[in-house]
Amino acid sequence: MPAIEVLHLQKNYGDIIAVDQLSFEVPRGKTYALLGGNGAGKTTTLSMLLGLLLPTSGTIRILGIDMIRDRFKALPRMNFTSPYVDIPHRLTVEENLRVYGGLYGVRHVKRRISDLAEEYQLSPFLKRRYGSLSQGQKTRVSLAKSLLNEPEVLLMDEPTAALDPYTADQVRTALKAYQARTEATILLASHNMREVERLCDNILMMKQGRIVDQGSPVELIGRYDEQNLEDVFIQIAKGSELPR
Ligand code: ATP
(Lines give C-alpha, C1' and ligand atoms only; values in the text may rest on other atoms or scores of the structure.)
Protein backbone atom coordinates (compact mmCIF):
# COMPACT_ATOMS: atom_id res chain seq x y z
CA MET A 1 0.00 0.00 0.00
CA PRO A 2 1.48 3.41 -0.95
CA ALA A 3 1.78 6.03 1.81
CA ILE A 4 0.00 8.63 -0.33
CA GLU A 5 -2.56 7.89 -3.07
CA VAL A 6 -4.22 10.67 -5.02
CA LEU A 7 -6.85 9.93 -7.66
CA HIS A 8 -8.50 12.41 -10.03
CA LEU A 9 -8.05 15.24 -7.56
CA GLN A 10 -9.68 18.49 -8.64
CA LYS A 11 -9.86 21.97 -7.09
CA ASN A 12 -11.73 24.77 -8.81
CA TYR A 13 -12.09 28.34 -7.61
CA GLY A 14 -14.93 29.53 -9.81
CA ASP A 15 -13.41 29.60 -13.29
CA ILE A 16 -9.88 29.00 -12.02
CA ILE A 17 -8.76 25.36 -12.13
CA ALA A 18 -6.03 25.16 -9.48
CA VAL A 19 -5.68 21.35 -9.56
CA ASP A 20 -6.85 19.41 -12.57
CA GLN A 21 -7.53 15.65 -12.36
CA LEU A 22 -4.30 14.99 -10.49
CA SER A 23 -3.36 11.34 -9.85
CA PHE A 24 -0.15 10.05 -8.26
CA GLU A 25 1.20 7.73 -5.58
CA VAL A 26 4.10 8.04 -3.17
CA PRO A 27 5.47 4.71 -1.89
CA ARG A 28 6.32 4.36 1.78
CA GLY A 29 9.75 5.52 2.82
CA LYS A 30 10.34 7.62 -0.29
CA THR A 31 10.79 11.35 -0.80
CA TYR A 32 8.91 12.89 -3.73
CA ALA A 33 8.94 16.48 -4.94
CA LEU A 34 6.13 18.53 -6.38
CA LEU A 35 7.82 20.90 -8.78
CA GLY A 36 6.28 23.57 -10.93
CA GLY A 37 6.18 27.27 -11.65
CA ASN A 38 4.25 29.84 -9.61
CA GLY A 39 0.59 28.96 -9.62
CA ALA A 40 1.12 25.36 -10.82
CA GLY A 41 -1.01 24.02 -7.95
CA LYS A 42 1.57 22.71 -5.48
CA THR A 43 0.33 24.50 -2.34
CA THR A 44 -3.28 23.75 -3.22
CA THR A 45 -2.40 20.05 -3.56
CA LEU A 46 -0.54 19.95 -0.23
CA SER A 47 -3.38 21.80 1.51
CA MET A 48 -5.89 19.22 0.27
CA LEU A 49 -3.63 16.35 1.37
CA LEU A 50 -3.57 17.89 4.84
CA GLY A 51 -7.32 18.29 4.94
CA LEU A 52 -7.02 22.09 5.21
CA LEU A 53 -8.82 22.54 1.92
CA LEU A 54 -11.76 20.58 0.60
CA PRO A 55 -11.29 19.19 -2.93
CA THR A 56 -13.91 19.88 -5.57
CA SER A 57 -13.72 16.15 -6.39
CA GLY A 58 -11.38 13.19 -6.29
CA THR A 59 -9.89 10.83 -3.72
CA ILE A 60 -6.99 11.17 -1.27
CA ARG A 61 -5.78 8.22 0.80
CA ILE A 62 -2.94 8.60 3.27
CA LEU A 63 -1.62 5.48 5.01
CA GLY A 64 -4.66 3.78 3.53
CA ILE A 65 -7.07 6.23 5.22
CA ASP A 66 -9.62 8.22 3.22
CA MET A 67 -8.70 11.84 4.00
CA ILE A 68 -12.05 13.27 3.07
CA ARG A 69 -14.05 10.94 5.33
CA ASP A 70 -11.60 10.01 8.09
CA ARG A 71 -8.81 12.57 8.19
CA PHE A 72 -8.70 12.64 12.01
CA LYS A 73 -7.50 9.02 11.93
CA ALA A 74 -4.57 9.93 9.69
CA LEU A 75 -3.57 13.35 11.07
CA PRO A 76 -1.84 12.09 14.26
CA ARG A 77 0.49 10.07 12.01
CA MET A 78 1.28 13.03 9.76
CA ASN A 79 2.76 16.49 10.06
CA PHE A 80 3.71 19.42 7.88
CA THR A 81 5.69 22.61 7.47
CA SER A 82 4.31 25.52 5.57
CA PRO A 83 5.14 29.21 5.43
CA TYR A 84 1.39 29.81 5.05
CA VAL A 85 0.37 28.30 8.39
CA ASP A 86 1.57 30.35 11.32
CA ILE A 87 2.46 29.43 14.91
CA PRO A 88 1.19 31.54 17.85
CA HIS A 89 3.44 34.60 18.14
CA ARG A 90 2.99 35.44 21.81
CA LEU A 91 4.13 32.09 23.15
CA THR A 92 7.82 31.28 23.47
CA VAL A 93 9.33 28.67 21.18
CA GLU A 94 9.41 26.15 24.02
CA GLU A 95 5.79 26.85 25.01
CA ASN A 96 4.72 26.43 21.41
CA LEU A 97 6.53 23.12 21.05
CA ARG A 98 5.00 21.91 24.35
CA VAL A 99 1.51 22.87 23.19
CA TYR A 100 1.94 21.11 19.84
CA GLY A 101 3.53 18.15 21.59
CA GLY A 102 0.42 17.95 23.79
CA LEU A 103 -1.91 18.21 20.80
CA TYR A 104 -0.09 15.37 19.08
CA GLY A 105 0.02 13.31 22.28
CA VAL A 106 3.83 13.10 22.22
CA ARG A 107 5.23 11.06 25.07
CA HIS A 108 8.38 12.34 26.84
CA VAL A 109 7.76 15.71 25.23
CA LYS A 110 10.51 17.49 27.21
CA ARG A 111 13.10 15.04 25.96
CA ARG A 112 11.81 15.23 22.40
CA ILE A 113 11.96 19.06 22.46
CA SER A 114 15.52 19.04 23.76
CA ASP A 115 16.60 16.54 21.04
CA LEU A 116 14.97 18.66 18.33
CA ALA A 117 16.40 21.87 19.82
CA GLU A 118 19.85 20.38 19.48
CA GLU A 119 19.27 19.03 15.97
CA TYR A 120 17.78 22.29 14.65
CA GLN A 121 19.90 24.67 16.80
CA LEU A 122 16.93 26.13 18.63
CA SER A 123 18.51 26.24 22.08
CA PRO A 124 19.55 29.93 21.93
CA PHE A 125 15.95 31.05 21.40
CA LEU A 126 13.82 28.43 23.14
CA LYS A 127 12.78 31.03 25.75
CA ARG A 128 12.03 33.78 23.23
CA ARG A 129 8.60 34.63 21.86
CA TYR A 130 8.06 33.02 18.49
CA GLY A 131 6.90 36.37 17.03
CA SER A 132 10.26 37.98 17.78
CA LEU A 133 12.30 35.51 15.70
CA SER A 134 13.83 36.06 12.28
CA GLN A 135 12.26 34.28 9.31
CA GLY A 136 15.01 31.65 9.23
CA GLN A 137 14.69 31.01 12.98
CA LYS A 138 10.91 30.63 12.55
CA THR A 139 11.49 28.13 9.76
CA ARG A 140 13.67 26.02 12.04
CA VAL A 141 11.00 26.08 14.76
CA SER A 142 8.40 25.05 12.20
CA LEU A 143 10.61 22.15 11.09
CA ALA A 144 11.06 21.03 14.69
CA LYS A 145 7.28 21.27 15.22
CA SER A 146 6.72 19.10 12.17
CA LEU A 147 8.88 16.31 13.60
CA LEU A 148 7.55 16.38 17.19
CA ASN A 149 5.23 13.41 16.68
CA GLU A 150 7.73 11.45 14.55
CA PRO A 151 5.33 11.55 11.59
CA GLU A 152 5.10 8.66 9.15
CA VAL A 153 4.07 11.10 6.44
CA LEU A 154 5.63 14.54 6.26
CA LEU A 155 4.32 17.22 3.88
CA MET A 156 6.62 20.18 3.36
CA ASP A 157 5.97 23.38 1.46
CA GLU A 158 9.29 25.06 0.65
CA PRO A 159 10.94 23.71 3.81
CA THR A 160 14.21 25.64 3.54
CA ALA A 161 13.09 28.75 1.63
CA ALA A 162 14.11 31.27 4.32
CA LEU A 163 17.29 29.53 5.45
CA ASP A 164 20.87 30.57 4.73
CA PRO A 165 22.79 28.01 2.61
CA TYR A 166 24.69 26.53 5.54
CA THR A 167 21.61 26.10 7.75
CA ALA A 168 19.62 24.75 4.79
CA ASP A 169 22.33 22.15 4.22
CA GLN A 170 22.23 21.12 7.89
CA VAL A 171 18.43 20.86 7.76
CA ARG A 172 18.59 18.60 4.69
CA THR A 173 21.14 16.40 6.44
CA ALA A 174 18.88 16.19 9.50
CA LEU A 175 15.85 15.34 7.35
CA LYS A 176 17.75 12.59 5.58
CA ALA A 177 18.84 11.17 8.93
CA TYR A 178 15.25 11.31 10.22
CA GLN A 179 14.01 9.45 7.19
CA ALA A 180 16.79 6.83 7.39
CA ARG A 181 15.86 6.22 11.05
CA THR A 182 12.07 6.17 10.73
CA GLU A 183 11.41 5.27 7.05
CA ALA A 184 9.02 8.21 6.87
CA THR A 185 7.47 9.27 3.58
CA ILE A 186 8.10 12.86 2.52
CA LEU A 187 6.31 14.94 -0.11
CA LEU A 188 7.76 18.40 -0.58
CA ALA A 189 7.20 21.39 -2.79
CA SER A 190 10.32 23.37 -3.52
CA HIS A 191 11.82 25.86 -5.93
CA ASN A 192 15.29 24.84 -4.86
CA MET A 193 16.61 22.39 -7.44
CA ARG A 194 19.69 21.45 -5.44
CA GLU A 195 17.45 20.54 -2.55
CA VAL A 196 15.27 18.41 -4.78
CA GLU A 197 18.27 16.66 -6.36
CA ARG A 198 19.72 15.94 -2.94
CA LEU A 199 16.57 14.80 -1.13
CA CYS A 200 14.15 13.37 -3.66
CA ASP A 201 13.80 9.91 -5.18
CA ASN A 202 11.21 11.09 -7.65
CA ILE A 203 9.84 14.34 -9.03
CA LEU A 204 6.28 15.15 -10.10
CA MET A 205 6.47 18.04 -12.56
CA MET A 206 3.32 20.16 -12.35
CA LYS A 207 1.95 22.68 -14.78
CA GLN A 208 -1.52 24.26 -14.72
CA GLY A 209 -2.65 21.87 -12.00
CA ARG A 210 -1.60 18.69 -13.81
CA ILE A 211 1.40 16.38 -13.74
CA VAL A 212 3.15 16.84 -17.07
CA ASP A 213 6.13 14.56 -16.40
CA GLN A 214 7.75 12.54 -13.66
CA GLY A 215 10.89 10.62 -12.88
CA SER A 216 14.02 10.60 -10.74
CA PRO A 217 16.28 13.67 -11.01
CA VAL A 218 18.74 11.65 -13.13
CA GLU A 219 16.00 10.33 -15.42
CA LEU A 220 14.55 13.79 -16.02
CA ILE A 221 17.94 15.37 -16.69
CA GLY A 222 18.65 12.58 -19.24
CA ARG A 223 15.20 12.74 -20.85
CA TYR A 224 15.43 16.50 -21.47
CA ASP A 225 19.10 16.26 -22.48
CA GLU A 226 20.07 18.91 -19.92
CA GLN A 227 22.97 19.32 -17.50
CA ASN A 228 20.90 19.88 -14.38
CA LEU A 229 17.40 19.99 -12.94
CA GLU A 230 17.14 23.76 -13.15
CA ASP A 231 17.44 23.60 -16.95
CA VAL A 232 14.85 20.78 -17.07
CA PHE A 233 12.51 22.98 -15.04
CA ILE A 234 13.02 25.94 -17.39
CA GLN A 235 12.45 23.76 -20.47
CA ILE A 236 9.14 22.46 -19.10
CA ALA A 237 8.03 25.88 -17.82
CA LYS A 238 8.63 27.66 -21.11
CA GLY A 239 6.92 24.91 -23.14
CA SER A 240 3.52 25.68 -24.59
CA GLU A 241 0.40 26.03 -22.44
CA LEU A 242 -1.68 22.88 -21.97
CA PRO A 243 -5.02 22.64 -23.79
CA ARG A 244 -7.98 22.80 -21.39
P1 ATP B 1 3.76 29.07 -5.96
O2 ATP B 1 4.97 28.37 -6.51
O3 ATP B 1 3.62 30.47 -6.49
O4 ATP B 1 3.62 28.98 -4.47
P5 ATP B 1 1.74 26.98 -6.33
O6 ATP B 1 2.18 25.95 -7.33
O7 ATP B 1 1.84 26.61 -4.90
O8 ATP B 1 2.47 28.34 -6.64
P9 ATP B 1 -1.10 27.41 -5.81
O10 ATP B 1 -0.91 28.36 -4.67
O11 ATP B 1 -1.51 26.03 -5.49
O12 ATP B 1 0.23 27.35 -6.72
O13 ATP B 1 -2.13 28.06 -6.82
C14 ATP B 1 -2.68 27.37 -7.94
C15 ATP B 1 -3.67 28.27 -8.66
O16 ATP B 1 -4.84 28.44 -7.86
C17 ATP B 1 -3.15 29.68 -8.96
O18 ATP B 1 -3.65 30.07 -10.22
C19 ATP B 1 -3.77 30.51 -7.85
O20 ATP B 1 -3.92 31.85 -8.27
C21 ATP B 1 -5.09 29.81 -7.64
N22 ATP B 1 -5.58 29.96 -6.26
C23 ATP B 1 -5.01 29.49 -5.14
N24 ATP B 1 -5.76 29.79 -4.05
C25 ATP B 1 -6.83 30.47 -4.51
C26 ATP B 1 -7.98 31.05 -3.89
N27 ATP B 1 -8.18 31.01 -2.56
N28 ATP B 1 -8.90 31.65 -4.69
C29 ATP B 1 -8.73 31.71 -6.02
N30 ATP B 1 -7.67 31.17 -6.67
C31 ATP B 1 -6.73 30.57 -5.93
Exercise for the section: Arrange the residues Val212, Val232 by how much accessible surface each exposes, largest first, with a 1.4 angstrom probe. Expected result: Val212, Val232
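Where does each of Lys42, Lys238, Lys30, Lys73 land when they are ordered by accessible area, with a 1.4 Å probe and the largest first?
Numbers: Lys42 20, Lys238 160, Lys30 85, Lys73 130 Å².
Result of the area sort, largest leading: Lys238, Lys73, Lys30, Lys42.
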Exercise for the section: Using only the Cα atoms of segment 71-133, build the gyration tensor, take square roots of its eigenvalues as a ≥ b ≥ c, and label the shape rounded, prolate or oblate: rounded if a/c is under 1.5, else prolate if a/b is larger than b/c, else oblate. Expected result: oblate
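Counting only heavy atoms of the protein chains, get the accessible area per residue of segment 22-74 (1.4 Å probe) and round it to a whole Å² value.
Using a 1.4 Å probe on heavy atoms only, each residue of segment 22-74 averages 43 Å².
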Completion exercise
In nm², the average projected area of the convex hull spanned by the Cα atoms of segment 4-237 is 12.6
Practice task
State the number of lysine pairs found in the chain whose Cα atoms come within less than 27 Å, restricting to pairs 8 or more positions apart or on distinct chains.
Solution key: 29
Handout entry: segment 48-123 - percent of accessible surface contributed by carbon and sulfur, probe 1.4 Å
Key = 53
Completion exercise
Of every Cα-Cα pair in segment 140-218, the percentage lying beyond 19 Å is 37
Completion exercise
Most fluctuating of Ala177, Ala189, Ala18 in the GNM of the chain (C-alpha, under 10 Å) is Ala177
Problem - Among beta bridges that DSSP assigns inside the chain, antiparallel share in %, nearest 5 - result: 55
Handout entry: With DNA, RNA and ligands ignored, accessible area of His8 (1.4 Å probe; Å², nearest 10)
Key = 100
Handout entry: With all protein chains modelled, accessible area of Ser132 [1.4 Å, Å²]
Key = 60
Exercise for the section: Only Cα pairs under 8 Å and at least 6 apart count here; give the relative contact order of segment 43-170 as a rounded whole percent. Expected result: 31
Practice task
At a 1.4 Å probe radius, which order do Glu226, Glu183 fall into by accessible area, largest first?
Solution key: Glu183, Glu226
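Note down the relative contact order for the chain as a percent, whole number, built from C-alpha pairs under 8 angstrom at least six residues apart.
Working: 433 pairs, mean separation 63.8, N = 244.
This gives 26 percent for the chain.
The values are calculated or read from the model by the stated rules, or taken from the named source; none is laboratory data. Worth saying up front: this structure is predicted, and the values here are computed from it rather than measured. Remember, those area values only see protein heavy atoms, side chains included, never the ligands or the DNA or RNA. Shrake-Rupley method; radii C 1.70, N 1.55, O 1.52, S 1.80 Å.
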